[in-house]
1. Is one or more of the residues making up the range 538-553 modelled with pLDDT under 90, assigned by TED's automatic domain parsing to the domain that holds MET656, not charged (D, E, K, R) and not in a loop (DSSP other than H, G, I, E, B)?
2. Checking ARG573 against (1) among the basic types (Lys, Arg); (2) touching a Lys or Arg at 6+ places or on another chain (Cβ under 7 Å); (3) modelled with pLDDT under 90, only one condition comes out false. Which one?
3. Consider PHE404 against the criteria (1) touching a residue at least 40 places away in the same chain (Cβ under 8 Å); (2) surrounded by fewer than 21 Cβ atoms within 10 Å (Cβ to Cβ): it satisfies all of them except one. Which criterion is unmet?
4. Just to be sure I understand, how many residues within the range 634-654 are outside any loop (DSSP other than H, G, I, E, B), over 33 Å from the mean Cα position of the chain (by Cα) and crowded, with 21+ Cβ neighbours inside 10 Å?
5. Out of the residues in the range 189-223 meeting the condition of being under 47 Å from the mean Cα position of the chain (by Cα) and surrounded by fewer than 18 Cβ atoms within 10 Å (Cβ to Cβ), tell me which one is farthest from PRO160 (Cα to Cα).
6. Taking only the range 149-186 into account, find how many residues are within 13 Å of VAL224 (Cβ to Cβ) and buried (at least 18 other Cβ atoms within 10 Å of the Cβ).
7. Select from the range 264-294 the residues that are crowded, with 17+ Cβ neighbours inside 10 Å and modelled with pLDDT of 80 or more and list them in ascending order.
8. Checking GLN151 against (1) within 18 Å of MET56 (Cα to Cα); (2) part of a helix (DSSP H, G or I), which single condition isn't satisfied?
Amino acid sequence: MRVTMVFILAGFMTIWLLCVGLIWHIRMNRAGAFKGNVEAARKVILPAYEPVLFVMAIINGAYIVFLVVAFATDYFDVFISPVILESFCSGNQFMFVTVLMLMFEKSLSFPAVKRAVGLSLILSYYTTLYVWVVTNFGPPNHQKEFTIGLQFVRGLLMLPFLYAFIKPPNRATKRIIRELCFATFVFYTLMVLVVIFATNPKTARNSHYVLFAILSWVAFCPLVVWRVLKADTEYWRGVGQRACALQDYFQRENGLSERISSNGIHVLIEMNRKCVIDFAYLELVRQIGVGSKSAVFQGMLKMKTHVAVKAYAPSSCSDDVVAAFSHEAAMCSVLNHPNIVKFHGMCVAPPTICLVFQLCQGNLADTLADQARRQNAHPARQQLLINIGMMLDAARAVSYLHSFWPPLVHCDIQPTSFLVDAACNVQLSDFGESRSVNRKKRTVASKAKVPILENKQFEHKLVVDSPMGTTDSTADSPWRMHMEKNSAAYTAPEIIEQGELSVHGEAADVYSLAVTMWDILHPGGDKYPRANEDHVQVIEEVLHGARPRLSTNTPSRLRGIIERSWHGDPRLRPSATQIVAALEEIQEELCSRLVLDIVSGLSEFFDVMNESTCSSRLPGVHHTLAFPGAFIVDRMIDQRFVRCPAEGIRMGNALMDSSVLHHVNHSKSFENSATARYYFAFDASVESSSSSFSQNESQIPMLARGSNGGHPRTSFSFVRPRSEPDCQCRL
């Protein structure tokens, strides 16, 4: 008996060592995958399976501890309880049952894994309860009948494996799942044989050989389990079944019929395959935000790129959310613009599906709130130029969306939808509500299902003809949802009036952009003081023509742009492209005046700095001095034009946009670098009378020309030189 127990202990130790070794193997390869090692990435299994291996290791470790203690106390020298022997058998079959239960689950969410493990414990150990009842309450002279009954009870557990062998679940591969079932059938057959041998006096002495065969078979079954988990990982990666059956499913169902189901995940993967990121390359560092349908994490992509990860979890996702996820992934994959947040790809890592974006410092609303907290800015600070730069970034992003054919509309323009990167560039994000515009006459259903990754025709009920286009974004009235989020101030009046029948065109985006521009000019300001932050009152004021009050210091040209952009009649609003052009003119005028002060500050260093290290003459460029980007940023900070290097970089790019600053080779944008050199280009023959700003605007500190003893400079201004070819610095 002691020899048998030694073999049982050896079997549990082998299983435990294999489980621990697999966990170590996963973690080592995951570390390599984070660094971008492709070979290591292919060896990593899904993170959701690591807890399963931990549970197996813990259960087998508990048996090892029990057996070691039993050997130390000579507990098994005379008699072994049938209940303990049956628990050994249950512990061995637990790993088979757990993996099969996981294959029957529709997802790999944490509740699904817990459910699979819990059900596996019940199915694996219910025979132990039978043995305990028979041992304690059964008649002693019916042991043979009870033994036969035990085999029948054990056989019931084979029914799920028989079903899976005949009709494998839609996970991993059919061959691998059948291998798991076959390994279980062999284990069960050997268990029946050992009972037959043990109950027959003629073969009882040979029963221990069968027992050794069982233990040897079970000891290496974790490798079969590993093959199943590895194949299932490839399945979730999308390497498994291909597009034909999935396309049929997609067209037949017109959406997803399961919550983050295996079929649903594959629809997402197949429709977005070009932008799929292997989950092994992505590491989640910490949570930085949470929404009603998703959470946002800071992550690392291949251990070298900081990214933001928008993760959807199945416990909080409905079919509509999966459709929205798919739609947003498709939208992001085709957008490429400096003022659109960079999209790295989508990542399927059950129990989550993720969108991976460029990591920014925060959103525009946070930036404006921080700006509002900093009172009494220095008089020299170029706040208006900084504001114009942010407005221009936002307008360029919207103009880019509207430049598609058919045009794309964002449907949720507001400060929280814009992100600010490390160089103070404003970038548009959050395309979950974005839709494609149809410029033709079309009818719009009062309520329609959101299509997945494609724009489908809706049923006709109401004819709409908007001069700026309409959209099919009528699913569950997204604008009602937005107003519930206290975003009514950014909602165009025509959208509010139409309610559930609202159709969102480019003009509605322009209205929202105008209100966002007001936020930039008045950080922390109350748009509708009389509404007392009641969004119902805000809606009433908007419908009655009320708009946020602009400061008296707002330049008249800028005031005109904003007021036209939030006009009550959408037909009278300018396009986003027209707004960009108008803002560029204002920015050029501001930059032409600012550059005088910058060059004046730089000239103070001409006599003391070493031109061999700080500046250099550019041959053939009117004897112009070229300065390192870092040197220009330092001078802007010293003169209090900007507060930090990031604002200095943004200011430098604004100067390059206005063609008053150029890279020496016209090959890159502005950088806070000691090696990248830039020069100022100007036309001294242009008089100050060329300014299109009014006399009152020139008195505003942000618009006034550089001072010289308190008197404005009027000798010349820096403008785009007439003979200067189109600069490629910012392209």
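1. No; the residues of the range 538-553 include none that is modelled with pLDDT under 90, assigned by TED's automatic domain parsing to the domain that holds MET656, not charged (D, E, K, R) and not in a loop (DSSP other than H, G, I, E, B).
2. ARG573 satisfies every listed condition except (3).
3. (1)
4. 1
5. Result: SER216.
6. The number of residues fulfilling the criteria is 8.
7. Within the range 264-294, ILE277, TYR281, LEU282, GLU283, LEU284 meet the criteria.
8. Status for GLN151: all satisfied but (1).
The values are calculated or read from the model by the stated rules, or taken from the named source; none is laboratory data. These figures come from a predicted structure and were not determined experimentally. Don't worry about glycine lacking a Cβ; one is built from the backbone with ideal geometry, like all the others, and counts go over all protein chains shown.
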